[in-house]
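Coordinate-derived values only; no laboratory data. Just so we're clear, the structure is a prediction, and the values are computed from it rather than from any experiment. A quick note on method: Cβ atoms are made from the backbone with ideal geometry, for glycine too, and the neighbour counts reach across all protein chains shown.
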Amino acid sequence: MATATSVSTHILDTSLGRPAPGVPVELSVRPAGDADWVAHAASRTDPDGRCKDLPALPEGTTHVRLRFETKSRGPFFPEVTVVFAVEPGEHYHVPLLLTPFGYSVYRGS
């Protein structure tokens, strides 16, 4: 049996050195680079700044979009959107490191 493709994320407010709880996160998927995005899940970061409840991705997903509603963390970036390619059967942990005037993301483990 094939392993499902999955995504998890967390947010760290590096200006405070703490997790960012309560941030809404939307996960959308598409089966090819030019296909329309389809909403797949919505969540909110827990007290540790993590989204552990995102469901497995539909079979055939090739691209994922995470949209973080960060306006509660500061007015400069009201949202952060991250798009990345996925391969079947892999797990993708994509952390967001957030400051009032910058952010970075990476593929974690």
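When we screen ALA35, ALA56 for residues that are surrounded by fewer than 14 Cβ atoms within 10 Å (Cβ to Cβ) and either assigned to a loop (DSSP other than H, G, I, E, B) or of a type in the set (Lys, Arg) (or both), the only hit is ALA35.
Residues satisfying the criterion are present in segment 81-90 (criterion: aromatic (Phe, Trp, Tyr), on the phi < 0 side of the Ramachandran plot, free of Cβ contacts under 8 Å to residues at least 24 places away in the same chain and outside any loop (DSSP other than H, G, I, E, B)). In segment 44-55, the condition of being in contact with a helix residue (DSSP H, G or I) (Cβ under 9 Å, 6 or more places away or on another chain), free of Cβ contacts under 8 Å to residues at least 24 places away in the same chain and closer than 17 Å to ILE11 by Cβ is met by no residue.
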